[in-house]
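Report on one structure; see the data block that follows.
The values are calculated or read from the model by the stated rules, or taken from the named source; none is laboratory data. Because the structure is predicted, anything quoted here is derived from the model rather than measured. Positions of Cβ are backbone-derived with ideal geometry, glycine not excepted, and every protein chain shown enters the neighbour counts. Heavy atoms of the whole protein, side chains included, go into the accessibility calculation; ligands, DNA and RNA do not. Shrake-Rupley method; radii C 1.70, N 1.55, O 1.52, S 1.80 Å.
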Protein chains: 2
Amino acid sequence: MPLEMSPASTEHWLEVLEAQGYRLTAPRRVVVEVIAQTDRALSPLAVFDIARIRYPQLGLTTVYRTLEKLEALGLVQLVHQANGCHTYIAAPAGHQHLLICEYCGRTLFFGGDDLGSLIDQIERESGYRVHEHLLQLTGTCPGCHTD
Amino acid sequence: MPLEMSPASTEHWLEVLEAQGYRLTAPRRVVVEVIAQTDRALSPLAVFDIARIRYPQLGLTTVYRTLEKLEALGLVQLVHQANGCHTYIAAPAGHQHLLICEYCGRTLFFGGDDLGSLIDQIERESGYRVHEHLLQLTGTCPGCHTD
DNA sequence: CATGTATTGAAAATGATTATCACTATCACA
DNA sequence: TGTGATAGTGATAATCATTTTCAATACATG
């Protein structure tokens, strides 16, 4: 099973945004750079704080709007937090399962193939059709556990 | 793999609350009854609206507080919604994975044993220690898909 | 019954997210 | 290179779920 870190794909993302007809504005570039260049899930406010260092006139509203677009395009993935707030992380295509370090926030992705047989079995037994699944693992990364 | 619906275990829940030193007050009884007697995940506001039919002087604050206690005791389980809000559903002990109908909200539980080998593998490959996992499947139940 | 404590619920506060809206930047085309 | 239509921006206000505050009440125990 391949384990991946989030990629630093600023240029690719900008191309995708452009191909969708979105304009490549300075605020969008800054937001894209911030979220593309970390392997941690960031809250909109965290993105805002980091991005404002480089682009002080940035508005929090624009951060929310840009993250929303990136998520709709599958470039960025939403991470569900226990408190109900959302954070976002750069997403490698087709990989939607997360392994999150509860101390430092470093996040790995892993493929969902292994869930296939489990889901097939559940569909047979329940009669449900499964359309979506949310799988997030939380624990400690090698740098954050001591034993 | 056993599939279970949420149990109607009002009496058991009240015993657990009492054993914890909590008082069995009228507002708590009503909240417990409402959440124990449905197999759908309910928002605190939904619980409030239903419970008020029987107990009009109930406060929404008490609903939040009671659900919080029930969740801490493992009697009720939190369901993560896409919009970031939370709903709650009666939880059979030791079963924490959910299969939710996106139309009617009817929810089944299934065991997490099948995840064990996947998690073992991920721990070996990543070096992480996995402490918690969130798995929610969403789809349509037999009554809600037509084909 | 008296007393200390848990509980309640109305109201206010909080905090994340979303909507509004006047202003600005960008792009296609003349 | 203008220029106008339109997408985008960001300050501000609004919204909405949740939490806190606090005075009043209910309960348990001596």
Completion exercise
Taking every DSSP bridge whose two residues both lie in the protein assembly as shown, the antiparallel percent to the nearest 5 is 85 percent
Problem - Within chain A: Cβ-based charge dipole about Cα centre, in debye rounded to nearest 20 (Lys, Arg +1; Asp, Glu -1) - result: 720 debye
Problem - Compactness of segment A:75-147, expressed as Rg and Dmax over alpha-carbon positions, Å - result: 14.6, 45
Exercise for the section: Determine the shape class of the protein assembly as shown: with a ≥ b ≥ c the square roots of the Cα gyration tensor eigenvalues, call it rounded for a/c under 1.5, and otherwise prolate if a/b is greater than b/c, oblate otherwise. Expected result: prolate
Fill in the blank from the handout: Magnitude of the Cβ-charge dipole (Lys and Arg +1, Asp and Glu -1) of the protein assembly as shown about the Cα centre, nearest 20 debye, reported as 1320 debye
Practice task
Evaluate the distance, in nm, between pseudo-label points positioned 7 Å from the Cα of B:Asn83 and of A:Glu4 along their respective Cα→Cβ axes.
Solution key: 3.2 nm
Completion exercise
Quick calc: nm separation of the 7 Å Cα→Cβ label points for B:Glu15 and B:Ser117 -> 3.8 nm
Problem - List B:Cys85, A:Cys101, ordered by accessible area with a 1.4 Å probe, largest first - result: B:Cys85, A:Cys101
Completion exercise
Rounded to the nearest 5, the percent of DSSP beta bridges in segment A:3-139 running antiparallel is 80 percent
Fill in the blank from the handout: Partner shielding of A:135-145, as the mean number of partner chain Cβ atoms within 10 Å, equals 6
Practice task
Place the label 7 angstrom along Cα→C-beta at A:Thr10 and in each other copy, then list the distances from the first to the rest in nm, shortest first.
Solution key: 6.1
Problem - Label spacing, shortest first and in nm, from A:Gln57 to its equivalents in the remaining copies (7 angstrom along Cα→Cβ) - result: 5.9
Exercise for the section: Return the average number of partner chain Cβ atoms within 10 angstrom of each residue Cβ along peptide A:113-125. Expected result: 4
Practice task
Report, as a whole number in µm² per second, the diffusion coefficient that Stokes-Einstein gives for chain B at 10 °C and 1.306 mPa s using the Kirkwood radius over alpha carbon pairs.
Solution key: 96 µm²/s
Fill in the blank from the handout: Per-residue accessible area, 1.4 Å probe, largest first, puts A:Tyr55, A:Tyr128, B:Tyr22, A:Tyr88 in the order B:Tyr22, A:Tyr55, A:Tyr88, A:Tyr128
Completion exercise
Within 10 Å of the Cβ of an average residue in A:69-82, the count of other chain Cβ atoms is 1
Problem - Cα lying deepest toward the dipole's positive end in segment A:3-139, options A:Phe109, A:Ala51, A:Thr10, charges on Cβ - result: A:Ala51
Problem - Other copies of B:Glu68: label-to-label distances in nm, shortest first, labels 7 Å along the beta-carbon direction - result: 3.1
